Amino acid sequence: MSELQKRQIQLEVLRYNPETDTAPRYQTYSVPCLEEWVVLDALNYIKDHLDPTLSYRWSCHMAVCGSCGMMVNGEPKLACKAFIHEYKEGQIKVEPMANFPIERDLVTSVEDFITKLASVKPYLIPKEDKPISAGEFKQTPAELKKFKQYTLCINCMLCYAACPQYALVPEFLGPAAISMAHRYNQDSRDGGRDQRQEVVASDEGVWECSFVGACSEVCPKHVDPAGALQQVKVASTIDWYKEHLMPWMKK
Amino acid sequence: MNSKPYVREVSKTTWFLSHPRYKRYMAREVTCIFIFAYTFLLVWGLGALANGPEAFSGFVESLRSPLGVLFSLAVLVVTVYHSLSWFIVTPQAMPIQRGEEFVPGNIIVNAHYGAWAVVSLIILIWGI
């Protein structure tokens with residue numbers, strides 16, 4: 001086996017200590033990286049060998065938990081999926097996710113997203129209650145396929161870090177929350193769309209979206225939030241026409 | 001939990017300069033101004049038509065002026081860009097599921113190009 005190759009990488013990391021700093025600053029670390037490393041490995045090296053005070057979130061190291069979202073050279077990325085060898089210059093700038101307040105170093109405050117996600121009721125609301133003895137809610141493969149891609153969302157919030165609309169209008173419900181509402185609305189077993197529409201079809205809901213499409217470009221799980229939001233707009237527009245032009249169609 | 005998370009301000013006027021994808025988006029949005037201006041031109045033409053044959057021929061004459069031709073050409077280029085930028089995202093907004101599978105995006109996009117060509121052809125033939 002050949003000897004593993006190491007490359008010295010300069011990691012320029014944003015630091016912010018809420019107890020002592022009034023504004024963030026940058027600190028550069030020189031890290032001997034293996035070619036197959038990801039940015040998260042480099043951060044772990046810093047934490048273990050160079051500076052134990054560096055704070056960042058991570059857990060699974062396999063793009064499943066959605067914890068290690070950050071800006072890598074200005075691009076929203078999962079640190080566990082950002083391969084060092086893709087950054088040829090040997091210099092990598094690492095910052096906390098854009099559009100979120102910085103708690104400390106690379107750790108951001110995510111309460112806003114959690115509140116918004118909960119507000120769209122991202123769970124099955126069955127059309128009618130039925131006892132467990134009546135058996136499961138059945139679904140065909142075609143019905144599953146209709147929403148399956150949205151189930152791949154890992155709530156990493158990179159779509160919020162990429163969305164300029166969220167940056168400019170922080171009240172915007174945002175890509176992942178609306179996509180999750182769409183995921184359940186599209187589910188043949190679900191009957192909760194009317195409840196979700198109150199939030200989703202409001203001014204600060206889907207209508208704040210101007211289809212920049214950045215959310216879908218940065219999604220590490222290849223979910224298409226931008227597509228989901230446009231479909232929600234189409235469905236909400238049809239609702240409006242039904243209500244105003246064909247009131248007798250109303251349930 | 002600390003009491004003072006740091007909020008990074010975003011410039012309301014220059015935010016789109018920070019990434020190529022935002023510039024691309026703004027380019028698409030700016031095309032609307034040209035299309036808006038052209039609809040005004042059409043309304044102006046309609047007004048001229050209502051004012052009689054002389055006013056209308058004056059309007060047509062102004063369209064034939066170098067400035068008029070330049071404006072029409074600019075609007076044509078910008079409108080083509082506008083249309084293409086929207087056609088390529090149609091599969092996201094209007095996915096079609098047949099049976100279990102979704103219809104490939106390029107078929108939906110090409111159907112739009114096809115319809116665009118047919119409508120353009122009809123208008124051209126009708127105009128001549």
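Taking the stated definitions as given, is A:Asp194 free of Cβ contacts under 8 Å to residues at least 12 places away in the same chain, assigned by TED's automatic domain parsing to the domain that holds A:Leu124, surrounded by fewer than 21 Cβ atoms within 10 Å (Cβ to Cβ) and farther than 24 Å from B:Pro20 by Cα?
Answer is yes for this residue.
Return yes when A:Ala162 is farther than 21 Å from B:Tyr25 by Cα, in the same structural domain as A:Leu117 (by TED's automatic domain parsing) and surrounded by 24 or more Cβ atoms within 10 Å (Cβ to Cβ) and no when it is not.
no
Criterion first (of a type in the set (A, V, I, L, M), under 26 Å from A:Phe113 (Cβ atoms) and within 14 Å of another protein chain (Cβ to nearest Cβ)) does A:Ala23 satisfy it?
For A:Ala23, the condition - of a type in the set (A, V, I, L, M), under 26 Å from A:Phe113 (Cβ atoms) and within 14 Å of another protein chain (Cβ to nearest Cβ) - is met.
Looking at this structure, is A:Asp41 of a type in the set (D, E, K, R) and within 16 Å of A:Val107 (Cβ to Cβ)?
No; evaluated as a whole, the condition is false for this residue.
Within the stretch B:91-113, restricting attention to residues that are in contact with a Gly (Cβ under 8 Å, 6 or more places away or on another chain) and not small (Gly, Ala, Ser), which residue is nearest to the other protein chains (Cβ to nearest Cβ)?
It comes out as B:Gln92.
Would you pick out the residues in the stretch B:5-40 that are in a helix (DSSP H, G or I) and either of a type in the set (Lys, Arg) or touching a residue at least 12 places away in the same chain (Cβ under 8 Å) (or both)?
B:Arg21, B:Lys23, B:Arg24, B:Ala27, B:Arg28, B:Thr31, B:Cys32, B:Phe34, B:Ile35, B:Ala37, B:Tyr38
For A:Lys221, work out the one condition from (1) over 19 Å from A:Phe147 (Cβ atoms); (2) in contact with a Leu (Cβ under 6 Å, 6 or more places away or on another chain); (3) away from chain B (no Cβ under 14 Å) it doesn't fulfil.
Checking A:Lys221 against (1) over 19 Å from A:Phe147 (Cβ atoms); (2) in contact with a Leu (Cβ under 6 Å, 6 or more places away or on another chain); (3) away from chain B (no Cβ under 14 Å), the one that fails is (1).
Taking the conditions exactly as written (surrounded by 11 or more Cβ atoms within 10 Å (Cβ to Cβ), farther than 30 Å from B:Ala111 by Cα and within 14 Å of another protein chain (Cβ to nearest Cβ)), does B:Trp86 satisfy them or not?
no
Inside the stretch A:106-159, can you point out the residues that are without any contact (Cβ under 8 Å) to a residue 12 or more places away in the chain and under 20 Å from A:Gly205 (Cα atoms)?
Of everything in the stretch A:106-159, those that are without any contact (Cβ under 8 Å) to a residue 12 or more places away in the chain and under 20 Å from A:Gly205 (Cα atoms) turn out to be A:Glu111, A:Ile114, A:Thr115, A:Ala118.
How many residues does the stretch B:1-58 hold that are over 25 Å from A:Ala226 (Cα atoms) and among the hydroxyl-bearing types (Ser, Thr, Tyr)?
Adding up the residues that qualify gives 5.
Of all residues in the stretch A:55-98, which are at pLDDT 95 or above, of a type in the set (Gly, Ala, Ser) and on the phi > 0 side of the Ramachandran plot?
A:Ala63, A:Gly66, A:Gly74
So, A:Glu111, is that one closer than 23 Å to A:Ala63 by Cα, under 25 Å from the mean Cα position of the chain (by Cα), exposed (fewer than 13 other Cβ atoms within 10 Å of the Cβ) and among the charged types (D, E, K, R) or not?
Here the answer is yes, as A:Glu111 does meet what is asked.
Could you please find all residues in the stretch A:160-184 being more than 15 Å from the chain's Cα centre (by Cα) and free of Cβ contacts under 8 Å to residues at least 40 places away in the same chain?
Passing the criteria: A:Leu168, A:Val169, A:Glu171.
Just the residues that are over 26 Å from A:Val64 (Cα atoms) and either touching a Lys or Arg at 6+ places or on another chain (Cβ under 9 Å) or in a strand (DSSP E or B) (or both), please, taken from the stretch A:23-39.
A:Pro24, A:Arg25, A:Tyr26, A:Gln27, A:Thr28, A:Tyr29, A:Ser30, A:Pro32
The values are calculated or read from the model by the stated rules, or taken from the named source; none is laboratory data. Everything quoted here is computed from the prediction, not taken from an experiment. We place every Cβ from the backbone using ideal geometry, glycine too, and count neighbours over all the protein chains shown.
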